[in-house]
Amino acid sequence: MTTDTTPEPAREPGKEPGRARALLSTADFRLLRTALSSHARQTDDREELAKINALHHRLGTYVPDAE
């Protein structure tokens, strides 16, 4: 792994940096949550399931499917 050591371009004094853009879209989060839900249904490992549920919750409100 390498680290980029290129210096940032100089900003004009008093000028604010540009607005940050989102890395993932809302649709990306939905897709990730759907994939996690699918994986959670396939795993029997309680430890892994707890991690999956925690990540699912961090990506958005987790509402378990009624089974």
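Computed from the coordinates by the stated procedures, all read-outs in this text should not be read as laboratory data. This is a predicted model, so every value here is computed, not measured. Cβ: placed from backbone, ideal geometry, glycine included. Neighbour counts: every protein chain shown.
So for each of 30-40, 14-24, 45-55 I average, over its residues, the number of other beta carbons within 10 Å; can you give me the resulting order with the highest mean first?
Working: 30-40: 14.0, 14-24: 6.5, 45-55: 12.1.
Final packing ranking: 30-40, 45-55, 14-24.
What's the local net charge at Leu32, with K and R +1, D and E -1, over the other residues with C-beta under 15 Å away? Let's see the in-between values first.
Values: positive: Arg30, Arg33, Lys51, Arg58; negative: Asp28.
Summing Lys and Arg as +1 and Asp and Glu as -1 gives +3.
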